[in-house]
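Read through the structure below, which is laid out as structure tokens, and then see the notes.
The values are calculated or read from the model by the stated rules, or taken from the named source; none is laboratory data. What you see is a predicted model; the values in this text were computed from it and never measured. Quick reminder, even Gly has a Cβ in these numbers, built from the backbone with ideal geometry, and neighbours come from all protein chains shown. The accessibility values were calculated without ligands, DNA or RNA, using every heavy atom of the protein model including side chains. Shrake-Rupley method; radii C 1.70, N 1.55, O 1.52, S 1.80 Å.
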Amino acid sequence: MTSSAPTHSSGATRAPHTFRTVFPVLALCWLAVFFDGMDVNIYGAVMPHMLDDPGLGLTPGSAGTIGSWTTFGMLIGALTAGNVTDWLGRRPMLVVSVTLFSLGSAVCALAPGIGVFGAGRFIAGLGLGGLMPLCLAMVLEFAPPRRAALTTGLLMTSYHVGGIAATGLGLGVAPEFGWRWVFWAGVLPAFVAVPLLLKYLPESPGVLFARGQRERAEQVADRFGLPRPTAVEAPAGGAKGRLAAIGALFRPESRWATPLLWVASFCGLLLVYGVSTWLPTMMRANGYGLSSSVSFLMVINAGGVVGLLIAGRIADRFGPVRISAIWFMLTAAGALLLKSHLPLGVTYIVVAITGIWLFSAQVMVYAATGTIYRDSERAAGLGLVTGVGRTGAVVGPWLVGALAENGNQSWGFTTFALAGLAGAVAIALVPLATRIGRGGARSGATAAVAVAKA
């Protein structure tokens, strides 16, 4: 009887490519993104306590500026991670990213004033910005194609579990021991995640192949049941290869879809980081108590976990573009509701439901990106979608901080509603843009054939 297990030419048995085979990679990336979410949300969770600390000298305006320093560091980290990955590989870059944001948290814990504190948040941002696109690219590469959206959703639940952990630290540690001890907790990733990533996370077969390590690339692919990388599928190495990969994002089939994905990511990350940074302070200004205001951040992240589990499954059936557009619209509605001072119990419900839509709307933009680009373009596409989108993460905290400085915190909710509406329009137009691009490409090819025959 012939074995049903697939084999390669050397006779070794290959693992089947199922959801189970991606689990080790998913689990390790989940842990890394958990600490990412914890670090990002720590600032928002302790900001009310920092504003009450006269020795630090933090004001609403400077708080928003520092929030933007963090996300500006993320922008630089996201845009440069791809080039450094060509030299080091994805696994070492993940380790560097985790180490950087752990170091940044230590600087914040020791900061004597807002200048050093801002520098610490910038350093943390460098690591945070590089980590997310790397984890997304790793998980999408190892995931079965029909489970890409679900796998992406499961990965991103870790961000919100990290946000819940940060809020718990803000509620349980900051009032009694001070806000600095919460940032000391942000140093833990260097001692927990880094050793596990170094020991257990495999390197990307595509990156190994591009670096000329074909035998090792095939061994990793066979171990996890992946198709063996080819020259067409593997990302090109070096600066020249990186520029070629970026140029490929503007081939006729995707030249119009690419900027729309960037706009959707901008709006999504404006929402994610604007809310993560300012929700407790905005709710406190809206008349809620300090403990309730901080706990809203925990509730909205809990909603985010539920939303990602729902969105991943639905998107695998109906498509991530459609789900992302609907989720953006529902986020806009939730933001407008939060502008009103509702009874506390009703507010908790609205915050939780808004969390279901808000965070998964952005994650489905990432899942949609994976369906638009070819295998060899996916890492560059995700890197730019997250990197350009980080400008929204820079604008969000700064803009709401400027509004808060002038006593107009309630306009922050209007800003979030407008961002949700713009994100919905941008992502909804991606399929149309793709069809137009493909039509133009076919017309060009037909014209070229006619000219050749003439």
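Okay, residues lined up against (1) touching a Gly at 6+ places or on another chain (Cβ under 9 Å); (2) open to solvent by less than 10 Å² (accessible area, probe 1.4 Å); (3) in contact (Cβ under 8 Å) with a residue 40 or more places away in the chain:
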{"residue": "Val95", "(1), (2), (3)": "no, no, yes"}
{"residue": "Ala124", "(1), (2), (3)": "yes, yes, yes"}
{"residue": "Gly127", "(1), (2), (3)": "yes, yes, yes"}
{"residue": "Cys135", "(1), (2), (3)": "no, yes, yes"}
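Out of the residues in segment 138-155 that are open to solvent by less than 10 Å² (accessible area, probe 1.4 Å) and part of a helix (DSSP H, G or I), which is farthest from Arg228 (Cα to Cα)? Show your work before the answer.
Here is the first cut: in segment 138-155, the residues open to solvent by less than 10 Å² (accessible area, probe 1.4 Å) are 138-139, 142-143, 149, 151-153, 155.
Next, only the ones that are part of a helix (DSSP H, G or I) stay: 138-139, 142, 149, 151-153, 155.
Working: Met138: 15, Val139: 16, Phe142: 12, Ala149: 22, Thr151: 21, Thr152: 22, Gly153: 25, Leu155: 24 Å.
Per the criteria, the residue is Gly153.
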Sole exception among (1) open to solvent by 20 Å² or more (accessible area, probe 1.4 Å); (2) of a type in the set (Lys, Arg); (3) farther than 17 Å from Val192 by Cα for Arg91, by number: (3)
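Here are some residues: Phe35, Phe72. Which one is at pLDDT 75 or above, in contact with a Pro (Cβ under 9 Å, 6 or more places away or on another chain) and among the aromatic types (Phe, Trp, Tyr)?
On the way: Phe72 fails: in contact with a Pro (Cβ under 9 Å, 6 or more places away or on another chain).
One residue alone meets the criteria, Phe35.
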Any chance Ser324 is at pLDDT below 90 and either crowded, with 17+ Cβ neighbours inside 10 Å or touching a Pro at 6+ places or on another chain (Cβ under 9 Å) (or both): no
Scope segment 352-404; condition farther than 17 Å from Tyr273 by Cα and hydroxyl-bearing (Ser, Thr, Tyr); matching residues: Thr369, Thr371, Tyr373, Ser376
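Within segment 141-156, identify whether any single residue is modelled with pLDDT of 90 or more and not aromatic (Phe, Trp, Tyr), and answer yes or no.
No: segment 141-156 contains no residue that is modelled with pLDDT of 90 or more and not aromatic (Phe, Trp, Tyr).
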Subset of segment 412-425 [buried (at least 24 other Cβ atoms within 10 Å of the Cβ) and under 21 Å from Glu253 (Cα atoms)]: none
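Could you grab me the full set of residues in segment 282-297 that are under 17 Å from Val40 (Cα atoms) and surrounded by fewer than 24 Cβ atoms within 10 Å (Cβ to Cβ)?
Here is the first cut: in segment 282-297, the residues under 17 Å from Val40 (Cα atoms) are 294-297.
Selection gives Ser295 alone.
Where residues in segment 308-319 are closer than 14 Å to Phe359 by Cβ and open to solvent by 20 Å² or more (accessible area, probe 1.4 Å), which of them is modelled with the highest pLDDT? Full working, then the answer.
From segment 308-319, those closer than 14 Å to Phe359 by Cβ are 308-312, 315; that's our starting set.
Applying the additional criterion that residues be open to solvent by 20 Å² or more (accessible area, probe 1.4 Å) yields 309-310.
Values: Leu309: 81, Ile310: 86.
Per the stated criteria, the residue is Ile310.
Tell me, which residue of segment 157-182 that is open to solvent by less than 20 Å² (accessible area, probe 1.4 Å) and in contact with an Asp or Glu (Cβ under 9 Å, 6 or more places away or on another chain) is nearest to Val294 (Cα to Cα)?
The first filter runs over segment 157-182 and keeps only residues open to solvent by less than 20 Å² (accessible area, probe 1.4 Å), leaving 157-160, 162-163, 166-167, 170, 174, 179, 182.
Next, from what is left, pick out any that are in contact with an Asp or Glu (Cβ under 9 Å, 6 or more places away or on another chain): 158-159, 162, 166, 179.
Numbers: Ser158: 20, Tyr159: 17, Gly162: 15, Ala166: 10, Trp179: 13 Å.
Result: Ala166.
Can you spot a residue in segment 216-223 that is modelled with pLDDT of 90 or more, open to solvent by 30 Å² or more (accessible area, probe 1.4 Å) and either more than 30 Å from Leu58 (Cβ to Cβ) or under 22 Å from the mean Cα position of the chain (by Cα) (or both)?
For segment 216-223, residues modelled with pLDDT of 90 or more, open to solvent by 30 Å² or more (accessible area, probe 1.4 Å) and either more than 30 Å from Leu58 (Cβ to Cβ) or under 22 Å from the mean Cα position of the chain (by Cα) (or both): absent.
Hey, any hits in segment 399-412 for a residue that's under 21 Å from the mean Cα position of the chain (by Cα), assigned to a helix (DSSP H, G or I) and aliphatic (A, V, I, L, M)?
Step one: of segment 399-412, the residues under 21 Å from the mean Cα position of the chain (by Cα) are 399-400.
The next check asks that each one be assigned to a helix (DSSP H, G or I); those that pass are 399-400.
Adding the requirement that they be aliphatic (A, V, I, L, M) leaves 399-400.
Scanning segment 399-412 turns up at least one residue that is under 21 Å from the mean Cα position of the chain (by Cα), assigned to a helix (DSSP H, G or I) and aliphatic (A, V, I, L, M).
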Number of the condition not met by Met74 [criteria: (1) assigned to a loop (DSSP other than H, G, I, E, B); (2) surrounded by 24 or more Cβ atoms within 10 Å (Cβ to Cβ)]: (1)
Test: residue in segment 89-109 that is modelled with pLDDT under 85, closer than 30 Å to His49 by Cβ and among the polar types (S, T, N, Q): no
Subset of segment 28-65 (residues that are among the aromatic types (Phe, Trp, Tyr) and surrounded by 24 or more Cβ atoms within 10 Å (Cβ to Cβ)): Phe35, Tyr43
Unique residue being at pLDDT below 85 and not small (Gly, Ala, Ser) when the list is Leu226, Leu271: Leu226
Qualifying positions in segment 97-111 - buried (at least 21 other Cβ atoms within 10 Å of the Cβ) and not in a helix (DSSP H, G or I): none
Residue identified as under 27 Å from Gly64 (Cβ atoms) and at pLDDT below 90 among Pro112, Pro175: Pro175
The one condition in (1) open to solvent by 20 Å² or more (accessible area, probe 1.4 Å); (2) modelled with pLDDT of 90 or more that Asp86 fails to fulfil: (2)
Meets criteria (in contact (Cβ under 8 Å) with a residue 24 or more places away in the chain and surrounded by fewer than 24 Cβ atoms within 10 Å (Cβ to Cβ)) for Ile114: yes
